[in-house]
Amino acid sequence: MNSGRTRCIPHNKCTRLLYQTEIGLVRPSTLQSHYLSKRLLDLTLDPSTTIQREHVSAVNTIDIEEAEGRYLLSGGGDGNIYIYDLEESQREERRVIKCMAGAEKTISGHKGGISRVNWYPFDNGMFTSSSFDSTIKVWDTNAMEVACTFDLENKVYSHAISSKATHGLIATASSDPRIRLCDLKTGAFTHSLPGHRGTVLSVEWSPRHEYLLASGSTDTTVRLWDIRKSSSCLCSLDMHNTNSPPLSEANVAHTRTVNGLAFTPDGLHLVSTGHDDKMRLWNLYTGQNTLTNYGTMIRNQFVYNLTPLISPISAGSSTYVFYPSNDRSILMYDLLDGSLVKRLTGSFGRITALAWRPRTQEIYSAGNDHDILAWGPKNVDRDSALQAMADQDTWSDSD
Amino acid sequence: MAMNLEAREALSTLILAITKTGDLYLDPEQVKQVKSICKKSDVNVRTAYDLLMIQLKRKHAQIRYSSTQLIAELFQRSHVFRELLVADYPIFLQLTVGIHQHPLPPPVVFAEKTKKLAISLTNEWHAKYGPVYKQIALGYEFLRYHLKVDFTNLVPVTDEARSAEQKAQEELSRRIRQRKYEKAAVEIEEMSDDIQDNVRKMGSCFDILVPKLDDESALNAIFGAPNGSNNDKEQDTQDGDNENEDSKMDIDDSDIAEQEAAWQQYDPMGVHDNALGTNRYKLTINVNKDNPVEVLESEDNAEVFTTLRECYRLIVKKHWPKVTEWMDVLMKADHEPGEQRAEYDRLLKKVIDLKKSVADAKGKSEDLGVNMDTMYGPHEQDSDEDDGELEEVEVTTTNSIKNNLKSKGKQPVKNQQRPVLTKTKNSVFLMHGQDILEDDPTYAGGTYVTPVRAVARPDTSKAKDVGSTHAPEGEETREELLARAPLVPWDDDLAVWDKKDMAFNTSGLEYSHRFLGVGDGSNLVSQDTLDRMKMRTRIYNPELPKEIKACRFPMSNGRLCMRRDLIRCPYHGPVVPRDELGQIQLSPEDGGFVRPGEEELDDEQEAALIERAIAAAAAPSSSLSSSASSGRPASGKAKSKDTSTWEDIEDDVHLALGLEKIEVPRKRGQGVKKKKPAKPPSALVNLSKPVDSSRARLLRRVASKASKDSVTQDERIEKSSSSRDARLNRWQ
C-alpha cells in the first residue's frame, strides 16, 4: 500500500507538492511560500493589463489599500489624485483599467505636485495625501472631497500612517528638520520631534511596535523615535557599527542623503536607501547594520522619497526587496543575502513608486512618463495564439 | 549548449564588416551568412545580439543605422532575438531614436535615417507583436505620447509589412473595379434601350436620305430612268456623284418620253441609255472614298437632317463615351466563374453589339456630312458650348483658323494667309541682315529699286542690254548668268566690283583744287584705290562643332570615358571613333581612324585644325601661329599621339603661342611604381576629423603665428610710445 503511494507520487514539483500537502506530508504554508516565490521569480511586465493614462505629469506615488487589495490610488506631479479599480474587467483577456474616480485640481485640492498618497489602513473610505504645496490633506473617498487639511508651511516630502497603531497619528517628512505628527482625531499637530539637521525625506511607522517611528534625512542619518518619550529620539543608526553612543553626532546611515526607508513586514528589519547608491539592511533588534551587500546596480540621485518595496515574508522562502532604480528598471534583490535576483526592465520612464498587490502577487509601478505599469507573474494560458505566433522562429529555408 | 568559438568568430567578423561599411543598404550576401549562422543555434543568436548591441552603442550614426537594419532582419526571424531585444527595448529606442535625452551621434543625415527606421520598425512591430510584447507597446505609446511621433504615412520597412500593404492596395483596387462593374451593369440595363432607340432613329433617317440597293424604286430612279445627263454627252460614271435624288427632279416627264421615242429609232442597242455600245463591257464604278454618298441638304430634307444631327449629337456627346467606358470597365473587371460569369458574358456581348451599332451609325452619319463640325447645323459654325469668354479673349487668328477648319470642303476656303512676298528684287544684292529683318513684323520689305544693271561676269562688257531676254548668239542668257552668279551679302565693294576705272568727279563741272590748282587731266580714281575699294572686310567666324563626341576610351571601371573634347582627351589621347566596347574602329583601307559622318582628315589637316582652333582661342590676330604650324613636323605629332597627356596639350598650346616648352621635373620612380590594390573603402564618415566650422576658420586666421606676432608687435609699440609720452609729460 505504502509503496504504491510512493510510486504514484508525481515527478513534477508543483503537483508533487500539492499531493504532499494533500496527504499531510508538508504544511500548507510551505506550499503557499513555494508558489509565492515561484510567482515572484516569474514577475514580468504584464502584457495583457493596461492602466489608462490619466496624469498629465509624472506619477509620483501610488498605493494599494490593504483591506481588499483592490483599489489603487495614484498622485501625480500635476496635483491630481486618481483611484483605479484593479478588479475591473479582471476576467477579460486584455484588461484595460480605467480611472474610477479622480480629484482634478479641485478648489480644496492640492495646488502643487503630490509627494505621497496613503490609504487609511483600516478603512477604504479615507486616504491622505501630502503635497509640495506644504499641506497634508485627508480625503473622503466616497465624495472625493477634502475632509481635513494640515498646513505644515514647508514642502512635504512624505507622510506615514501606522498600519498597526490605533493612535491615528500622521508622521510627516518635510523640509523642516522637525518631524511633526498630525492627529487625525483632533485635526491638530500633537508632536514635534527635533533631531534632524536637514530636510526629512522619509518617515515610516514600524509594523511591529506602534510607537516606533523611523526617519531619514538629507543629513545622512536615519533616526528611530519612540513618540511616547519626552526625549523621543531613540538612536541614530550607524553604518559602521561602531560602539559610539546611540545619539552620537558621528553616526551616519549613509554617506549622502537618505531618501527611502522600508520596514520588513515583520518589523524586524529596516531597509534604507540613499544617494550614495547603496541600500542598507538594519537589524532593528540590535540597531546595527547587517552589512548586506546589494551590489552596485543601484542608481539613486533625485531628492524625492523613493521607497523600496519588500515582498511578504513567509517561512521557507526568501524575501525579496524591489528597488526602483533611477535607470528605469526595478532591481529585485534577495533581502537577506543581497543577491540580485532579477532586473525588471521595460519601463520608459524613471520609476518613482512601487505598490504591492498581495492577492495576485502583482506589482504596480508609477513612472515619470505619466504611466502606471502592472508587473505580474507570467501567465501561460493567456492569448495562446498570439503567444505561439511570437514564440515561433521564422527562419526561411534559404538562410 | 556549448559556445561554438568558430561561430562566434565568424559572427563577430561578419557583423563588424556589415556595420562598418557605412553603406545605405546591407550586403544581402553577408546578411544571409549571419542568418545562416544564427539559425544553427540560439546561443549564436545571443552572441549576435550582444555583438549588435555593442555596435549599436557606438557613437556613429552610420554604424547604428546598419546595426538597426540587421537587428530588424534578425528580429523578424528569431524568437530568442525578439525576447532579448524586447527586454532592452528602452535602450534600443534610446540608441536609435534618441529618447531620454540621448541625442544621436553625427553624421546628422544618418542619425535622421536611423530615427526614421526605428520609428517605422516600432510601428510595424507594434502592429504585429504589440499584444504579446508589452515593452514594444509601451515604446510605441511613449513615442506617440511623449515625442509626438506621427505614425501615419510611414513607409513600410520590413518585407512583411511591405507585402501586406501591397495586398491591401490590390484588395482596394479590386473592390473599386467591382463597384465600377456593378454600376456599369446597372447603367447598361438602363441605357441600352435609349441607345438602341437613338440608333434606330438614325437608321430611319439614313433610309430616307440614302437609297438602298435593294430598294427597287430608288434604283430605278437612278439607273433605270433616263435623266438630264442624256442630253449632253459627258459621262460622269467615274464618280458616282449624280446618284442623287434632287438632280432629276427638274426634268420634265413629257419631254423625256418624247426623246425616248426619238432615240429608240436609231439607237436600238441603247447605246445612249447605257452609254455603252454593247452590254458585254465591264463597268467599273469607282466610288469616291472621301465622299461616297453626297446628299446635299435642301429644304425638303432639312427636317431629316435636323433629326439626324440631334441624334448624332447625342451619340457623340453621350452614348459613344458611355459605351467605351462600359467596355473598359467590363474588360478590366474580374470575372470569377459561376453565375457571375454568365451574367458578365451576357453584358459583354450586349455592350459589344451596342458599340458596333453606335459606331456604325456614327460612321454613316459622318459619311452624310454630319460630323463633329457640322453637328450644330450646316451654317452656324459656332457651337453654343465651345464659344464662351474664351473665344472673345483670344485673338482673331484662332477664329479664322477655326473657320478654316470648319469650312473644310463645304465652304469656299478663304485665303487667310498673308500674300507671300514674291521675290522681285535681285537676290544678288541682298541687303545685309535682310534675313533677320524679314522676321520682324514691322519690316515692310523696304523700297525696291528695279535692277538696272544686269549681273554679268567681269569679263563681259558693261554695256549689256538690261531688258533683253534674247542674248546675242554665243553669249549666255541673263537667266543662265544669274543662275551661275555667286550670292554675296551686300557691301560697298559691290558698287564698284565691275569697274575698270572710276571718275571721282562726275558732276561735269570743272573745278580745281584750291591750292594745287587744276590737276593733270585724268579725274579718275587711281587703280590702286579702285583695287582697294573692291576689297571687302570679312570677319572670320570659326564654326564650332555642334556636337562634341565623347572620348569613349574603355576605363578600368568597365565604363567608357565620358569626357567630351574637340580633338584630344587629356587622359586618353585623340578622340577617335570607337564601338560600344570602346574598341577603335579601323577604316577599311589604311587602318587609320575614321570619323563617321566627317571627311577623313589626314595628319596635316588635323594639325592645321588644331592650330587653327588654338590660334582662334589664344590670339585671333596672331599671324605667328600659321607660320609656326607650317614648320611643325607631322611625324613628331604622330608619335606623341599615343602617350598624350595634359603635357601634350600644354605643349601644343605653348608651341602655338611661340612659348618655351615647360619641362616638368619628374619624381623618381614615377610611372614605374604601381598603385597598391586599394582596400574597398568604407563609406563611414570620419568623425574624428574636425569639422570645418566658422569658428575653426576664424581661429585659423586669428590664432595664426603671423597675426599673433602682429598683435604683439602693436602692443609693444603702443607700450613704448605710451612710456615715451609719460616721460615727455614729466617736466620736473
Cα-based Rg / Dmax (Å) for the range B:165-204
16.9, 56
Would you please give the residues with an amide H less than 5 Å from that of B:CYS569, counting only those at least 5 places away or on a separate chain, with H modeled from the backbone geometry?
B:VAL575
Distance in nm between label sites at A:SER29 and A:ARG16, each 7 Å beyond Cα in the beta-carbon direction?
2.4 nm
Please report the antiparallel percentage of DSSP beta bridges with both residues in chain A, rounded to the nearest 5.
95 percent
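Which links in A:LYS105/B:LYS128; A:LYS98/A:LYS155; B:LYS113/B:LYS148; A:LYS98/A:LYS137; A:LYS111/A:LYS342 stretch past 29 Å when you go from one Cα to the other?
Values: A:LYS105/B:LYS128 39 Å; A:LYS98/A:LYS155 31 Å; B:LYS113/B:LYS148 18 Å; A:LYS98/A:LYS137 24 Å; A:LYS111/A:LYS342 39 Å.
Those over the limit are A:LYS105/B:LYS128; A:LYS98/A:LYS155; A:LYS111/A:LYS342.
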Measuring from label point to label point, each 7 Å out along Cα→Cβ, what is the B:VAL149 to B:ASP207 span in nm?
7.6 nm
Hz values of 3J(HN,Hα) by residue in the range A:331-346 - Karplus curve (6.51, -1.76, 1.60), Gly and Pro given as x
9, 10, 10, 6, 4, 8, 9, x, 7, 7, 7, 7, 10, 8, 10, x
Compute the orientation-averaged projected area for the range B:1-151 from the convex hull of its Cα atoms and round it to one decimal in nm².
8.5 nm²
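With viscosity set to 0.692 mPa s and temperature to 37 °C, compute the Stokes-Einstein D of the range A:246-321, Rh being the Kirkwood radius across alpha carbon pairs; µm²/s, no decimals.
Values: Rh = 13.3 Å.
It diffuses with D of about 247 µm²/s by this estimate.
How fast does the range A:128-220 diffuse by Stokes-Einstein, in µm²/s, taking the Kirkwood radius from C-alpha pairs at 25 °C and 0.890 mPa s?
Values: Rh = 13.2 Å.
Taking Rh from Cα pairs, D becomes 185 µm²/s.
What number in nm² do you get for the range A:45-196 if you take the convex hull of its Cα atoms and divide its surface by four?
Numbers: hull surface 38.1 nm².
Reported value for the Cα convex hull: 9.5 nm².
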Please list, ordered by chain and number, the residues whose modelled amide H lies under 5 Å from the amide H of B:TRP497; skip anything fewer than 5 residues away on the same chain.
none
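Taking other Cβ within 10 Å of each residue's Cβ, how do B:GLU303, B:GLU650 sort, fewest first? Spell out each step's value before the answer.
Details: B:GLU303 11, B:GLU650 15.
Placing the least packed residue first, the sequence is B:GLU303, B:GLU650.
Would you please give the FRET efficiency between B:VAL109 and B:LEU698, computed as 1/(1 + (r/R0)^6) with r the Cβ-Cβ distance and R0 = 22 Å, to the nearest 0.05? Could the numbers behind the result be given before it?
On the way: r = 26 Å, r/R0 = 1.17.
That gives a FRET efficiency of 0.30.
Fewest first, what order do A:TYR211, A:TYR120, A:TYR84 take by the number of other Cβ atoms within 10 Å? Don't jump to the answer; show the numbers that get you there.
On the way: A:TYR211 17, A:TYR120 21, A:TYR84 24.
Ranked by crowding around the Cβ, least crowded first: A:TYR211, A:TYR120, A:TYR84.
Over its Cα atoms, what ratio of radius of gyration to 2.2 N^0.38 Å does chain A give?
Values: Rg = 22.5 Å, N = 399, 2.2 N^0.38 = 21.4 Å.
For chain A, the normalised Cα radius of gyration comes out at 1.05.
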Helix A:13-23: inclination vs chain A longest Cα principal axis, degrees, rounded to 10, gives 80 degrees
From phi via Karplus (6.51, -1.76, 1.60), per-residue ³J(HN,Hα) for the range B:690-700 in Hz, x at Gly/Pro
x, 6, 7, 8, 5, 5, 5, 5, 4, 4, 4
Just grab the label-to-label distance for B:ALA726 and A:GLU87, each label 7 Å out from Cα along the Cβ direction, in nm (one decimal).
9.3 nm
Give the long-range amide H neighbours of A:SER174: residues separated by 5 or more places, or on another chain, with amide H under 5 Å away, using H modelled in the peptide plane at 1.01 Å from N.
A:TYR157, A:VAL200
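Every number here is computed from the coordinates shown, using simple stated rules; none is lab data. Model, not experiment: these values are computed from the prediction. When we count neighbours, we look across all protein chains shown, and the Cβ atoms used for this are built from the backbone with ideal geometry, even at glycine.
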